[in-house]
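Here's the structure, in structure tokens; my notes come after.
The values are calculated or read from the model by the stated rules, or taken from the named source; none is laboratory data. What you see is a predicted model; the values in this text were computed from it and never measured. Heads up, the Cβs are rebuilt from the backbone with ideal geometry, glycines too, and the neighbour counts pull from every protein chain shown. SASA here: full protein model, heavy atoms, side chains in, ligands and nucleic acids out. Shrake-Rupley method; radii C 1.70, N 1.55, O 1.52, S 1.80 Å.
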Amino acid sequence: SLRAANRWKAVVTLVCVALVVNLGVNAWAMPRYHHVGAAWARGISEIVFVALGTAYSLRRLSGLSEYAFVMRLVAASVGLAGTLRGLDAWPLWIQLPAGVAVYAGLLVLLGAVRMSDLNFGGPGTPEP
């Protein structure tokens, strides 16, 4: 975490950005949607905080430059969310396998998971 890494300037900056986002979304959403708008504003500001904190950590702390991989995971998650949203009226026993199939398929299609990664104990798998 940024606190553990003693990156207090980054933490304060991220908190301030999240605060500004929260205030802006609240100013727009609360008059229209009341307490539900406030809840959405809180959620949106938390998403902004986590996304910016993760981006900063990946770039500055870990030396990891594999942003394409992270974006593949995000794209697969968005596909899963869209599928579940589209199947909202369907029963859970249909939603669950459809969601798993779409998410797994997108992970493979986008290259986040290779087919060779799915070789669980088959021939050619090294012993631990």
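Provide a single number: the residues in the stretch 20-38 that are loosely packed, with under 13 Cβ neighbours inside 10 Å and either outside any helix (DSSP H, G or I) or among the aliphatic types (A, V, I, L, M) (or both). The qualifying residues number 4.
Against the condition part of a helix (DSSP H, G or I), under 30 Å from residue 7 (Cα atoms) and free of Cβ contacts under 8 Å to residues at least 40 places away in the same chain, how does residue 75 come out, does it pass?
Numbers: part of a helix (DSSP H, G or I): yes; under 30 Å from residue 7 (Cα atoms): yes; free of Cβ contacts under 8 Å to residues at least 40 places away in the same chain: yes.
Judged against the criteria, residue 75 is a match.
Does any residue of the stretch 64-78 turn out to be under 16 Å from the mean Cα position of the chain (by Cα), among the charged types (D, E, K, R) and either modelled with pLDDT of 90 or more or open to solvent by 60 Å² or more (accessible area, probe 1.4 Å) (or both)? Yes: one or more hits.
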